[in-house]
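One structure below.
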Amino acid sequence: MSMARIKISCPKRPSFYTEIPVLIGAVNYGGHLGNDAVLSIMHEARMRFLNALGCSEKEAFGTGLIMADAAIAYKSEGFYRDVLSVGVVAYDIGGVGFDLFYELSCKRDNEQLIIAQAKTGMVCFDYQKRKTARIPDKLKNALEKEELI
């Protein structure tokens, strides 16, 4: 019996990158970057990506955003004091949401090493009505063009 492994792929490469250091609180009992910390690092990268588009999770050109799902494929260990380069790109933009692809990597031994690849499904959400909402044209256009400000 073999264990199923998720495979995460993205049709395009990230054009947005940010650097996030691995702090001691992100290291688990195994001495490496914890899986829960990877999700937090992705959240920070997502906030920076959205900010570069001129919006946020709470205010994305007239709508809010909520995470519908997340998947992470771990490729290598990350360690305390690594500086992660996190690439983010939007794809599969639809009527009420889109996917974000993340690639976390770091330079080690003069080589760029992929630590993890991940995906989150983001859905437009009206926080007052507590239900999904249509994606605003301005958000859709910004994600398609990745017009970073």
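Please specify each residue of the range 28-67 satisfying the condition of being closer than 18 Å to I115 by Cα, in contact with a Leu (Cβ under 9 Å, 6 or more places away or on another chain) and not hydrophobic (A, V, I, L, M, F, W, C).
Hit for the range 28-67 is R46, nothing else.
Give L100, L39 a once-over and let me know the one that is among the hydrophobic types (A, V, I, L, M, F, W, C), modelled with pLDDT of 95 or more and out of contact with any helix residue (DSSP H, G or I) (no Cβ under 7 Å at 6 or more places or on another chain).
Criteria check complete, one pass: L39.
List the number of the failed condition for P14; all other conditions in (1) of a type outside the set (G, A, S); (2) under 18 Å from K140 (Cα atoms); (3) in contact (Cβ under 8 Å) with a residue 60 or more places away in the chain; (4) in a strand (DSSP E or B) hold.
It is condition (4) that P14 fails.
Here's a check for you: in the range 39-76, which residue that is in a strand (DSSP E or B) and not hydrophobic (A, V, I, L, M, F, W, C) is farthest from the chain's Cα centre (by Cα)?
Looking at residues that are in a strand (DSSP E or B) and not hydrophobic (A, V, I, L, M, F, W, C), I get G64.
Hey, could you check the range 100-121 for residues that are free of Cβ contacts under 8 Å to residues at least 60 places away in the same chain and in contact with a Lys or Arg (Cβ under 8 Å, 6 or more places away or on another chain) and say which is nearest to M47 (Cα to Cα)?
L100
When residues of the range 17-34 are filtered for being out of contact with any Gly (no Cβ under 7 Å at 6 or more places or on another chain) and either among the small types (G, A, S) or surrounded by 11 or more Cβ atoms within 10 Å (Cβ to Cβ) (or both), how many remain?
Qualifying residue count for the region: 9.
Mind checking whether some residue in the range 19-33 is closer than 30 Å to R130 by Cα and of a type in the set (D, E, K, R)?
There is no residue in the range 19-33 that is closer than 30 Å to R130 by Cα and of a type in the set (D, E, K, R).
Every residue, every condition in (1) closer than 14 Å to T120 by Cβ; (2) in contact (Cβ under 8 Å) with a residue 24 or more places away in the chain, yes or no:
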site: D36; (1), (2): no, no
site: S40; (1), (2): yes, no
site: N51; (1), (2): no, no
site: K58; (1), (2): no, yes
site: F61; (1), (2): no, yes
site: I66; (1), (2): yes, yes
site: Y74; (1), (2): no, yes
site: V88; (1), (2): yes, yes
site: Y91; (1), (2): yes, yes
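To keep it simple, each residue is scored yes or no on (1) within 22 Å of E19 (Cβ to Cβ); (2) aromatic (F, W, Y); (3) in a strand (DSSP E or B); (4) in contact with a His (Cβ under 9 Å, 6 or more places away or on another chain).
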position	(1), (2), (3), (4)
G78	yes, no, no, yes
G95	no, no, no, no
K107	yes, no, yes, no
Q112	yes, no, yes, no
M122	no, no, yes, no
Q128	no, no, no, no
I135	no, no, no, no
L139	no, no, no, no
A142	no, no, no, no
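Counting just the residues of the range 120-149 that are within 20 Å of K12 (Cβ to Cβ) and among the charged types (D, E, K, R), which one comes out surrounded by the most Cβ atoms within 10 Å (Cβ to Cβ)?
The residue in question is K140.
Where residues in the range 87-119 are buried (at least 21 other Cβ atoms within 10 Å of the Cβ) and among the β-branched types (V, I, T), which of them is farthest from the chain's Cα centre (by Cα)?
My answer is I115.
The values are calculated or read from the model by the stated rules, or taken from the named source; none is laboratory data. Predicted model only: the values in this text are computed from it and were never measured. So basically every Cβ, Gly included, is an ideal-geometry build from the backbone, and we count neighbours across all protein chains shown.
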